[in-house]
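Trainee: Dumping the structure here so I can ask a few things about it.
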Amino acid sequence: MTIRFSYLARLLGATAACVGLPGPLAAASRRLFAIMFGVDARLSDPRGLIGRPWYKNLISASQRHRAYSAKPLPDGREVTEKGRWSDARTSAVRAAAAITANGAQLKKATALLLRN
């Protein structure tokens with residue numbers, strides 16, 4: 001299952017408002033939402049997986065012929081199993097870029113949560 005961080009951040013903000021959290025915590029939840037918005041989108045690539053362009057998430061996907069068994073880093077695993085080393089390099093670069101794109105956001109969110 002893909003974690004939808006933007007959804008969780010909205011949920012946290014809505015919960016903070018509903019339970020009447022004090023101003024600083026409500027403000028912190030809004031800042032957390034702003035930081036986390038788009039994390040799940042940055043783990044995807046509009047070009048899709050190699051050989052499965054309809055599947056956009058680079059971090060987790062169901063196995064090609066087993067609908068419910070999700071595997072991490074699906075692109076790299078599939079092309080490596082087939083010995084397609086050029087595609088494996090491309091896949092590794094794409095997955096690393098997706099993970100790196102979120103690193104700074106996750107550090108900001110962690111710092112915010114540790115302060116509050």
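Trainee: If only one of Arg42, Arg31 is modelled with pLDDT of 80 or more, within 25 Å of Ala111 (Cα to Cα), surrounded by 15 or more Cβ atoms within 10 Å (Cβ to Cβ) and over 15 Å from the mean Cα position of the chain (by Cα), which one is it?
Mentor: After ruling out the rest, the residue left standing is Arg31.
Trainee: Can you find, within region 66-108, the residue that is nearest to the chain's Cα centre (by Cα) among those that are among the hydroxyl-bearing types (Ser, Thr, Tyr) and either surrounded by 11 or more Cβ atoms within 10 Å (Cβ to Cβ) or part of a loop (DSSP other than H, G, I, E, B) (or both)?
Mentor: Ser91
Trainee: Only one residue in Ser86, Ser69, Ser60 is over 28 Å from Ala34 (Cβ atoms) and in contact with a strand residue (DSSP E or B) (Cβ under 9 Å, 6 or more places away or on another chain), so which one is that?
Mentor: Ser69 is the lone residue from the list that is over 28 Å from Ala34 (Cβ atoms) and in contact with a strand residue (DSSP E or B) (Cβ under 9 Å, 6 or more places away or on another chain).
Trainee: Can you tell me which residue within region 50-65, out of those that are touching an Asp or Glu at 6+ places or on another chain (Cβ under 7 Å) and under 23 Å from Gln105 (Cβ atoms), is surrounded by the fewest Cβ atoms within 10 Å (Cβ to Cβ)?
Mentor: Lys56
Trainee: Still on this structure: Among the residues of region 66-101, count how many are modelled with pLDDT of 90 or more, under 18 Å from Leu43 (Cα atoms) and of a type in the set (S, T, N, Q).
Mentor: Of the residues in that region, 2 qualify.
Trainee: Only one of (1) modelled with pLDDT under 85; (2) surrounded by 15 or more Cβ atoms within 10 Å (Cβ to Cβ); (3) in a helix (DSSP H, G or I); (4) not polar (S, T, N, Q) fails for Leu114. Which number is that?
Mentor: (2)
Trainee: Being surrounded by 15 or more Cβ atoms within 10 Å (Cβ to Cβ), part of a helix (DSSP H, G or I), modelled with pLDDT under 85 and in contact with a Lys or Arg (Cβ under 9 Å, 6 or more places away or on another chain) is the requirement here; does Leu12 meet it?
Mentor: Here the answer is no, as Leu12 does not meet what is asked.
The values are calculated or read from the model by the stated rules, or taken from the named source; none is laboratory data. Small disclaimer: the values here were computed from a predicted structure and weren't measured. Counting neighbours? That spans all protein chains shown, and the Cβs are built from the backbone with ideal geometry, glycine included.
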